[in-house]
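Reviewing the structure listed below.
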Amino acid sequence: MTDWIAAARAVGSDVAARHAEDVDRQARFPKESLAALKERKLLGILIPERDGGPGAGIADVVSVCHVLGQYCAATAMIYAMHQIQVSCIVRHGGDSSWHRAFAKRLVDEQLLLASATSEAGVGGDVRSSVCAVEEKGGRFSLAKQATVISYGADSDGILVTARRTPQSPASDQVIVVVPKSGASLEALQGWDTLGMRGTCSNGYHLKAEGEMAQVIPKSYADVSAQTMLPTSHLVWSALWLGIATDAVARARAFVRAEARKKPGVMPPGAVRLAEATSQLQLMKSNVVAALRRYEAALGSEDSLSALPFAIAMNSLKTASSQMAVQIVGQALLVAGLAAYRNDTPFSLGRHLRDAHSAALMVNNDRILANTAQLVLALRDDPELLA
């Protein structure tokens, strides 16, 4: 893990931090950071050794996301979303020769993968699809009105959710791995937002075609419950923790600078800094605990599909997204106008704007409603602590 962290730290400090403000200001893809991540071979770390990768684990990816989040949240989010897609291929591609060959390509060529799960006409429910896989002679075609495909134009491949067949119900979905050569994207809407501007999460009319072998064998319901959902909530929480970590670091630097001006006198913001540090430690503990729980469950489909596990992963996301905003807000109060301004080393405007996106990435209200149903289905509450 140390090597991956060192590589991520180098990309973050030498490249991502240098371009973060411009990426945010222009709402542009952080091409410099992604080029550096590819150069350091960080995009394919989850690919197992049998397919030519280093066989890193989820803890390595979580650590890299945390590091990158301290320098450029958009870069960290793109890396996180890419690794979510990679984990789905690694865990559910099975022994499919097509998916194993694609995994090897991912390592060799450092391909960047995007995701097309959202769709017009389903009310934001990613567990429903309007579009469908249409098969003919061992090949497929599909067309999707994707309301969001983050960094789609800059990706090398897209994992697309769709109904299994045109006759399938909306909830009977599969994931199709579509290399860039098999997809066309027609822009539907741009991405001019408050924060996370560099993710370039535009809407597209997506058309794709290829071999039926590109369809991941398992149902999307299983892939989502066992891999996509827990991985998403872990890597997102890690990068939000990164945002909060840097915010507290800037607040601490401000308090230290104030303390040097008046030796022996505690600066006014020191107490709030202590409070923010305590909140940060709690947030970190939540992420680490959820990571360990996921690692312990990885060998068992029953554990990954259990209600207490789903509740724990949902709760991680909602709690982390709220705490990130709270911690950055506390840091803002510590440094005052120096943090409020955009032209000081203590500026936290970008941090606060990026942190506010967290509650909207699969809206917390939707997740809490789902968690409420799961909690009511439990036989007794003590299982929540199991």
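The values are calculated or read from the model by the stated rules, or taken from the named source; none is laboratory data. Since the model is a prediction, treat every value here as computed from it, not as a measurement. All Cβ positions, glycine included, derive from the backbone under ideal geometry; neighbour counts span all protein chains shown.
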- Per the filter on the range 1-30, residues over 20 Å from LYS41 (Cβ atoms) and in a helix (DSSP H, G or I) are ALA17, ARG18, HIS19, ALA20, GLU21, ASP22, VAL23, ASP24, ARG25, GLN26
- Residue within the range 318-330 that is part of a helix (DSSP H, G or I), modelled with pLDDT under 95 and either farther than 21 Å from TYR71 by Cβ or in contact with a helix residue (DSSP H, G or I) (Cβ under 6 Å, 6 or more places away or on another chain) (or both) present: no
- Message: Being at pLDDT 95 or above and more than 24 Å from GLY57 (Cα to Cα) is true for just one of THR231, THR227, THR161. Which residue is that?
- Response: THR161
- Number of positions in the range 331-380 that are within 16 Å of CYS72 (Cβ to Cβ) and in a helix (DSSP H, G or I): 8
- Task: Being under 30 Å from ARG91 (Cα atoms), surrounded by 14 or more Cβ atoms within 10 Å (Cβ to Cβ) and either hydroxyl-bearing (Ser, Thr, Tyr) or free of Cβ contacts under 8 Å to residues at least 60 places away in the same chain (or both) is the filter here, so list the residues in the range 263-287 that pass it.
- Result: MET283, LYS284, ASN286
- Query: Quick check: anything in the range 40-48 in the same structural domain as ILE89 (by TED's automatic domain parsing), out of contact with any Phe, Trp or Tyr (no Cβ under 6 Å at 6 or more places or on another chain) and assigned to a helix (DSSP H, G or I)?
  - Reply: no
- Query: Just to be sure, is ALA310 of a type in the set (A, V, I, L, M, F, W, C), in a helix (DSSP H, G or I), surrounded by fewer than 21 Cβ atoms within 10 Å (Cβ to Cβ) and touching a residue at least 12 places away in the same chain (Cβ under 8 Å)?
  - Reply: yes
- Query: Looking at GLY210, GLY124, GLY198, which one is of a type outside the set (A, V, I, L, M), part of a helix (DSSP H, G or I) and touching a helix residue (DSSP H, G or I) at 6+ places or on another chain (Cβ under 8 Å)?
  - Reply: GLY198
- Message: For the condition loosely packed, with under 15 Cβ neighbours inside 10 Å, farther than 30 Å from ASP246 by Cα, among the hydrophobic types (A, V, I, L, M, F, W, C) and touching a helix residue (DSSP H, G or I) at 6+ places or on another chain (Cβ under 9 Å), what is the one hit in LEU360, LEU378, LEU304?
- Response: LEU378
- Query: In this structure, is THR199 among the hydroxyl-bearing types (Ser, Thr, Tyr), under 16 Å from the mean Cα position of the chain (by Cα) and not assigned by TED's automatic domain parsing to the domain that holds GLN279?
  - Reply: yes
